[in-house]
């Protein structure tokens, strides 16, 4: 009996990383595909990433490691950006995609 329960528990947990990866670890947000992100910029709904990168580079130096665009159920959009500072420290930013304002900064 223990083997059967353990088996079903293991099988059930196999789907957990996939679900959390699809939403960037944020269960209240949906990740944009690259095409959807380009369309949102083209329609003027979001600030282009290159403008946000320029702002972060001016303020913190360094360069971008990765970036993803997400939307919440209320319609707000935000970027999750991983950044490497000039002095080699990693930072993570949450940026309002409609205004380009940094909402949160961790690390760096």
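Across region 43-52, what is the total count of residues that are in a helix (DSSP H, G or I) and surrounded by 16 or more Cβ atoms within 10 Å (Cβ to Cβ)? Give the steps one after another, and end with the answer.
Our first condition is that a residue be in a helix (DSSP H, G or I); within region 43-52, this holds for 49-52.
Keeping just the survivors that are surrounded by 16 or more Cβ atoms within 10 Å (Cβ to Cβ) gives 49, 52.
Qualifying residue count for the region: 2.
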Within region 64-101, residues surrounded by 12 or more Cβ atoms within 10 Å (Cβ to Cβ), without any contact (Cβ under 8 Å) to a residue 24 or more places away in the chain and not in a loop (DSSP other than H, G, I, E, B) come out as 64, 67, 82, 84, 92, 94, 96
Considering only region 91-108, how many residues are over 20 Å from residue 37 (Cβ atoms), over 15 Å from the mean Cα position of the chain (by Cα) and modelled with pLDDT of 95 or more?
0
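The values are calculated or read from the model by the stated rules, or taken from the named source; none is laboratory data. In this text the structure is predicted, and so the values were computed from the model without any measurement. Glycine gets a Cβ as well: all are built from the backbone with ideal geometry, and neighbour counts include every protein chain shown.
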